[in-house]
Amino acid sequence: MTLHDQLPALLVAVPLFTAPIAYLLRAHGLPWAAAVAATVTAFIIACSLAATVYGGETIIYEMGGWPAPYGIVLHIDALSALIAMLVTGSSAAALIFGAKSLADEVGEEIAPSFFAAWILCTAGLTGMVITGDAFNIFVFMEISSLSTYILVSAGPDRRALVATYRYIIMGTIGATFYLIGVGFLYMATGSLNTVDIAARVGDVTEVRLLLVAAGFITVGMALKAAVFPLHSWMPNAYTFAPNVVTVFIAAASAKVSLYVLMRIDYAIFYKNIPNHELQLALLLIPMGILALFAGSMLAIYEKNLKRLLAYSSVAQVGYIALGIAMASVSGLTAAIVHMFNHGLIKGGMFMAVACLALRYRTVNIANLAGAGRAMPWTMAAFVIGGLGLIGVPLTPGFISKWYLVLGAMEKGWLGAVLVAAILLSSLLAVIYVWKVVEVAYFKEPRANATPVEGEAPLVMLIPTWIVVLAGLWIAIDSSLPVTMATLGAETLLGAR
Amino acid sequence: MELLGLYNYFVFAVLLMVGLYCILARTNIIKSLIGLSIFQGAVFLLYISMDKIDGGTGPIILEGAPADTIYANPLPQVLILTAIVVGISTTALGLAVAVRIREAYGTIEEDKIQEMDREQ
Amino acid sequence: MMTIVFSLFLLTMLVLVAVAILRTDNLFTAVMLSGIFSLLMAANFFVLDAADVALTEAVIGAGISTVLFLGALALTAEKDRSPPVGSWVPLISASALGAVIIYGVLQAPRLGDPNAVVHNHVAPWYLEKTPELIDVPNVVTAVLASFRGYDTLGEVFVVFIACMGVMALLGRVRPRRDSIKLTEYEERSRNLRHHLIPRIVGKMLVPFIVLFGLYVQFHGDFGPGGGFQAGGLIAAGVILYSLLEGDWRGRELVPEWFSSLLVALGALLYAGVGVACMLKGGHFLNYSVLFEDPIKGQHVGILLVELGVGMTVTGVMITVFHAFARRGVR
């Protein structure tokens, strides 16, 4: 087998192999270097895989040489490759960006464990996305969840510990629900491989088992993706985690849970449970709309910049939920494209926040007065990200909203309601972005405030702007994510 | 075996309910973590109940065994071996967080912790 | 007939113990009851013909888990709780959950039904092909280590992460050897040395426990056993010694650097076997390509990965225990 054939396994094997090595390296800075090496390699492999599946083919790799459904196979198509690129890319970018910020907030003593956990988080999220076996998703979900708990708990404030505890409880309940759902699926079909289950689920006579399985998997994944109203663990976890950790998890982890939700719902349940489309719509559309408004309203009243962005993420996940509920090619394309674009936008914004936090030593909005003059490049990056959240043309946010509105317009009167909701929530986004802009550009710093050292260090500013410029490039030429997303949507809906 | 029928699954349902109630309705962190392990333990019962077959024995194929021996299903056992280990890993992490919370806040009752956070 | 009565009894006891845990106010009682819960669960698994799982649940659920809870309890030192909060959200969620499950389960195949779907698809293939392709009597080990070896790799890393987490949270605080004398440290660390009977009997048991653990490790191909059970057992022996003699002596027996090394090496060994298979031209974790004879390859592959699992689980359990124990010495 050539190296190219082995790439799917290497995507997961390289980070897994590097993590114990990172733990054993005790010298200063070496664990970070090992983490960077592992994540950058994973990113390169993910891009190479994406290039292979760009034309619409699917890669199947048998782990252990055993064929499905007896062994576990990796199943990579355009959708998986897109999300894999997002995960590995945001992980590598956050690491390279955050060396100084992390050294600030995370103690030297726990660096080996911390970076080993970081590598394994990347491996876990990637593993969830590329596998074709339902139970394997659970195992890698737990790898990524446990490592995320460690990353979040490393925050300097003691409230990080409480946030981690809440996250552990709700995350484990979500994962256990997923496990129960898979158990019922196995009881009904006798198999664990997603393609095999999809093939066999049509013959199942005990429909109740399938209904209960669908319910548990959906609720479990909604818990882990922080879909309103199951989002309560998320704002505090994002706020009190170290700033660089928030960059990574805001960009990547909710998206992967939503990916699993989409994959299982559409590949297995979509055509096989009567009225599944209606059930999904009944469940996700109200939750999505509530998420849009509740998230935006809560963001407007927030005084802490990180928590404001976290509530904004709750709202943005609402957009993705709406896209998933639409069950049409444009709706699903919108959802997938927004997963990718929102990762870029929020990643960039949290990077800007980390730069601000490094210099201002606080993320309280009121204390950031005058940041527009003191740190012009950082704030400019933040503002461009904010425009993306609103959905102004020339930002990646516009592309996703465009497809979402296209999908909504196919739905008749319900579509009109959705379009109204999307536009209204974009207006709300204007309010909370303006709130930050006003303080940063139009308020004077207090007389007794300590002066800021100046702009963020270049090593942090350059990656932030690379992310922002990548967003701009996608806004102008969005063929990469849109092609892969459309391919993914068509595969999910069975049109291919 | 007919008598047992679906009793295993009803027990699973009750254990899940007890576990979830213990997690949500108790303010003490350690009690909630015990509830979490009951919650996860109930799922083990669901899977292993699926592996039993009438007249079967454990799936170990010994040398001189007669050709028509019926064996229990090995797959749920493999899955639950994994799930047990995942469960204890979560418990260990949860307990470590609980210990740190106790050191930082002086208490492990959630309502008191919330009060202290609100005052901050 | 007796089996049916016994199963009904065990299952009902499970429910009663769970409710008792819910209702008790004393945390120490709750932890002890959870140990009993795990043991009852293990007995249930045994009645359901799942010997491997019963062994694992007994070692890890009833053994290690109870020790960790007691350790955490000692550090948080709260024995009693305020009365429960009577809120309706938990009651409604729990009832809804139960209702949904019972609704679904009414269509489940009854226990032991040979025509159930789960017994007729993948399982017969495993039972038929294992003697032919892997030639290992314990089919569960064959599925765990070879057919679904990728899952088990993931699982070893879950255990590895638990160790990372406990290390990151409870730190690598080194006892200050220079500032306090050894005897004083020994005085301060909790131990049972003044209880004569546990100390003598316990010290006699430790070598047998470790030996049994090693037996389970290497015999996992032929009977119930394997890396997870073995790791838990060996760790249990070391933990017993530490409980009896004090944490300081325990860490002289198995030093910190050694258990950390075990943790990392076990995971590396497992991943390394997978990479070796790739280097030999096969898929990741395809042991058949390791040697000319595919069956020999499978045997060696399974032996090595189970060894990796055993090393990591042993190291993790010992490290986690020591992290909790050391935190209690101030």
How many residues are open to solvent by less than 10 Å² (accessible area, probe 1.4 Å) and closer than 16 Å to A:A103 by Cα when one looks only at region A:238-247? 6
Output the residues belonging to region C:105-144 that are in contact (Cβ under 8 Å) with a residue 24 or more places away in the chain and facing chain A (nearest Cβ under 10 Å). C:L133
Which ones in region A:366-382 are of a type in the set (A, V, I, L, M) and surrounded by fewer than 19 Cβ atoms within 10 Å (Cβ to Cβ)? A:A366, A:A380
If a residue must be of a type outside the set (F, W, Y) and at the interface with chain C (Cβ under 7 Å from one of its Cβ atoms), how many such residues does region B:20-36 contain? 10
Could you check, for region B:108-115, whether at least one of its residues is under 24 Å from C:Y126 (Cα atoms) and outside any loop (DSSP other than H, G, I, E, B)? no
Answer yes or no as to whether A:Q316 is part of a helix (DSSP H, G or I), surrounded by fewer than 24 Cβ atoms within 10 Å (Cβ to Cβ) and not hydrophobic (A, V, I, L, M, F, W, C). no
The number of residues in region A:203-221 that are farther than 15 Å from A:N272 by Cβ, crowded, with 24+ Cβ neighbours inside 10 Å and within 11 Å of another protein chain (Cβ to nearest Cβ) is 1
Report yes if A:W434 is open to solvent by 60 Å² or more (accessible area, probe 1.4 Å), in a helix (DSSP H, G or I), aromatic (F, W, Y) and at pLDDT 85 or above, otherwise no. yes
Give the residue that is surrounded by the most Cβ atoms within 10 Å (Cβ to Cβ), with candidates limited to residues of region B:48-81 that are modelled with pLDDT of 90 or more and more than 7 Å from chain C (Cβ to nearest Cβ). B:L79
Look at region C:187-207 and say how many of its residues are assigned to a helix (DSSP H, G or I) and either of a type in the set (S, T, Y) or modelled with pLDDT of 70 or more (or both). 12
Show the residue pairs that are 6+ apart or on different chains and have beta-carbon atoms under 6 Å apart, the first residue being within region C:239-256 and within 16 Å of C:G71 (Cα to Cα) and of a type in the set (G, A, S), the second being open to solvent by 30 Å² or more (accessible area, probe 1.4 Å) and not in a helix (DSSP H, G or I). C:G246/C:N191
A:V73 vs (1) aliphatic (A, V, I, L, M); (2) closer than 25 Å to A:L458 by Cβ; (3) within 11 Å of chain C (Cβ to nearest Cβ); (4) out of contact with any helix residue (DSSP H, G or I) (no Cβ under 6 Å at 6 or more places or on another chain): all pass except (2)
Residue selected from region A:224-237 under the condition assigned to a helix (DSSP H, G or I) and open to solvent by less than 10 Å² (accessible area, probe 1.4 Å), by the criterion farthest from A:K306 (Cα to Cα): A:A225
Against the conditions (1) more than 7 Å from every other protein chain (Cβ to nearest Cβ); (2) over 30 Å from C:P255 (Cβ atoms); (3) open to solvent by less than 10 Å² (accessible area, probe 1.4 Å), where does C:F147 fall short? Just the number, please. (1)
Candidates A:A325, A:A334 - the one that is out of contact with any Ser or Thr (no Cβ under 7 Å at 6 or more places or on another chain) and modelled with pLDDT under 90: A:A325
Which count do you get for residues in region C:271-321 that are closer than 29 Å to C:L170 by Cα and among the β-branched types (V, I, T)? 8
C:A50 more than 7 Å from chain B (Cβ to nearest Cβ), under 26 Å from C:M2 (Cα atoms) and of a type in the set (G, A, S): no
Please find, within region A:143-185, the residue that is most open to solvent (accessible area, probe 1.4 Å) out of those that are more than 12 Å from chain C (Cβ to nearest Cβ), of a type in the set (S, T, Y) and under 17 Å from B:L33 (Cβ atoms). A:Y167
Among the listed residues C:I102, C:I60, C:I92, which satisfies the condition of being β-branched (V, I, T), away from chain A (no Cβ under 14 Å) and part of a helix (DSSP H, G or I)? C:I60
Restricting region C:248-260 to residues that are open to solvent by 10 Å² or more (accessible area, probe 1.4 Å), farther than 12 Å from C:V320 by Cα and modelled with pLDDT under 90, the one nearest to the chain's Cα centre (by Cα) turns out to be C:V254
Which is β-branched (V, I, T), within 13 Å of another protein chain (Cβ to nearest Cβ) and free of Cβ contacts under 8 Å to residues at least 12 places away in the same chain, of C:V275, C:V313, C:V263, C:V309? C:V275
Applying the selection to region A:186-202, what residues are facing chain C (nearest Cβ under 9 Å) and over 27 Å from the mean Cα position of the chain (by Cα)? A:Y186, A:M187, A:A188, A:T189, A:G190, A:S191, A:D196, A:R200
Would you mind stating whether C:V238 is more than 10 Å from chain A (Cβ to nearest Cβ) and either within 23 Å of C:Q217 (Cβ to Cβ) or open to solvent by 30 Å² or more (accessible area, probe 1.4 Å) (or both)? yes
Answer from C:L8, C:L75 - the residue that is within 30 Å of B:I101 (Cα to Cα) and either assigned to a helix (DSSP H, G or I) or open to solvent by less than 30 Å² (accessible area, probe 1.4 Å) (or both): C:L75
Going through region C:29-39 one residue at a time, which ones are at the interface with chain B (Cβ under 10 Å from one of its Cβ atoms) and in contact (Cβ under 8 Å) with a residue 12 or more places away in the chain? C:V31, C:L33, C:S34, C:F37, C:S38
Checking C:G220 against (1) part of a loop (DSSP other than H, G, I, E, B); (2) modelled with pLDDT of 90 or more, which single condition isn't satisfied? (2)
Hey, among C:L22, C:L73, which residue is touching a Cys at 6+ places or on another chain (Cβ under 8 Å), more than 27 Å from A:L209 (Cα to Cα) and facing another protein chain (nearest Cβ under 7 Å)? C:L22
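The values are calculated or read from the model by the stated rules, or taken from the named source; none is laboratory data. Keep in mind the model is a prediction, meaning the values are calculated, not measured. Neighbour counts are summed over all protein chains in view; Cβ atoms, including those assigned to glycine, are modelled from backbone coordinates with ideal geometry. SASA here: full protein model, heavy atoms, side chains in, ligands and nucleic acids out. Shrake-Rupley method; radii C 1.70, N 1.55, O 1.52, S 1.80 Å.
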